[in-house]
1. Just the projected area, averaged over all directions, of the convex hull on the alpha carbon atoms of the stretch 35-126: how many nm²?
2. How much length is gained on full extension from residue 71 to residue 54, taking 0.36 nm per residue of separation minus their Cα-Cα distance?
3. Contour minus end-to-end for residue 106 and residue 23, with contour as 0.36 nm per residue of separation and end-to-end as the Cα-Cα distance?
4. For the pair residue 116 and residue 89, what calculated FRET efficiency results from E = 1/(1 + (r/R0)^6), where r is the Cβ-Cβ distance and R0 = 25 Å, to the nearest 0.05?
């Protein structure tokens, strides 16, 4: 069955369009029948003049170090294969933010940590590999390790917050 909107009634619901919400309610095109929708987060291009795009790439954005879901990977892989022969194609790239943007945490391009300055250079098509998509699958382990580190950091942060909330307790009472 098509996954229903998990953020109904929240601010996250505003991120979806009425059309995407409508698609989720049509039984005639439900996912159990084989239909899939996957939005392309960004078609990133550079053009000379006002007509011809001379360089382009696709960017899949994930906040909070998220990962594309399995069906997204299949669609991303297919789009990458279709565009790979084109000389102006610079690949399909996974952009992950530790939080929500380059301004509030770490940045990862194709699962490799990068600085804001290097991220800008990447967006300027400097030092970009069109074959990075193939490397993404090899970096899956690194991504899993990143997620585990993030989970540990959250636990440590929460424990620290709890300690700070009870400053009147001595060390024996905290244990």
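1. Averaged projected hull area, Cα only: 6.9 nm².
2. 3.1 nm
3. 26.5 nm
4. Given R0 = 25 Å and the Cβ-Cβ separation, E is 0.50.
Only the coordinates and a few stated rules stand behind these numbers; no lab work does. Given the structure is predicted, the values throughout are model-derived calculations rather than measurements. Here the Cβ is made from the backbone with ideal geometry for all residues, glycine too, and neighbour counts use every protein chain on show.
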